[in-house]
Amino acid sequence: MSRTALGVFRLNGQFLSVSEELARPAGLTAAWWQVIGAVLREPLPVAGIARDMGITRQSVQRIADLLAAKGLAEYVPNPAHRRAKLLRPTEAGRAAVARIGPGHASLATRLAEALGEDGFAETVRVLERLSAALDTLPPPPDTSPDAPA
């Protein structure tokens, strides 16, 4: 387990570094790209974005507010919930993400060449299986000294 976790932590750092490089010319950060990317197909509430991305609602809220302030996203009414507005990209937000496309496609091509098409597909399947398995596990027990027995 430790080896897997350390490998995933390293991979996460590598992806964040590459994502920052890809997003920078478009005027985005990796985190901004991630949040805008989550709502490209359909507007979502902040809580839904956070759930899909596996991060805190507060983190997404902070980024969503920044994106809205910069004109890259906007809040729209949510017919299912009066208070939880939906976030959607503006045309400027979509254009920024589109500017990332060529670099992203080039990276995907280079990774596919390095891993081979079958190897790349298998890597994706294994990561999806690992994520799905983790989703099914109950949270670990609290083993802190102050935890109730």
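For the stretch 45-54, which positions are open to solvent by 30 Å² or more (accessible area, probe 1.4 Å) and either under 20 Å from S19 (Cβ atoms) or assigned to a helix (DSSP H, G or I) (or both)?
A47, R51, D52, M53, G54 - these are the residues of the stretch 45-54 that are open to solvent by 30 Å² or more (accessible area, probe 1.4 Å) and either under 20 Å from S19 (Cβ atoms) or assigned to a helix (DSSP H, G or I) (or both).
Residues A108, A73, A69, A96: which one is of a type in the set (G, A, S), in contact with a Lys or Arg (Cβ under 8 Å, 6 or more places away or on another chain) and within 18 Å of A23 (Cβ to Cβ)?
Of A108, A73, A69, A96, the one residue that is of a type in the set (G, A, S), in contact with a Lys or Arg (Cβ under 8 Å, 6 or more places away or on another chain) and within 18 Å of A23 (Cβ to Cβ) is A73.
Do we have any residue at all in the stretch 73-84 that's closer than 14 Å to W32 by Cα and touching a residue at least 24 places away in the same chain (Cβ under 8 Å)?
For the stretch 73-84, residues closer than 14 Å to W32 by Cα and touching a residue at least 24 places away in the same chain (Cβ under 8 Å): present.
Which residues, counting only those in the stretch 20-37, are open to solvent by 30 Å² or more (accessible area, probe 1.4 Å) and under 19 Å from S59 (Cα atoms)?
E20, T29, A31, W32, W33, Q34, G37
With the requirement that a residue be open to solvent by 30 Å² or more (accessible area, probe 1.4 Å) and at pLDDT below 95, what does the stretch 60-82 give you?
Result: P77, P79, A80, H81, R82.
Go through (1) assigned to a loop (DSSP other than H, G, I, E, B); (2) in contact with a Leu (Cβ under 8 Å, 6 or more places away or on another chain) for P141 and report which single condition fails.
P141 satisfies every listed condition except (2).
Within 13 Å of W32 (Cα to Cα), in contact with a helix residue (DSSP H, G or I) (Cβ under 7 Å, 6 or more places away or on another chain), in a helix (DSSP H, G or I) and in contact (Cβ under 8 Å) with a residue 24 or more places away in the chain: which single residue out of L67, L107 fits that description?
The match here is L67.
The values are calculated or read from the model by the stated rules, or taken from the named source; none is laboratory data. Since the model is a prediction, treat every value here as computed from it, not as a measurement. When we count neighbours, we look across all protein chains shown, and the Cβ atoms used for this are built from the backbone with ideal geometry, even at glycine. Side chains are part of the model used for accessible areas, which takes the heavy atoms of the whole protein and leaves out ligands, DNA and RNA. Shrake-Rupley method; radii C 1.70, N 1.55, O 1.52, S 1.80 Å.
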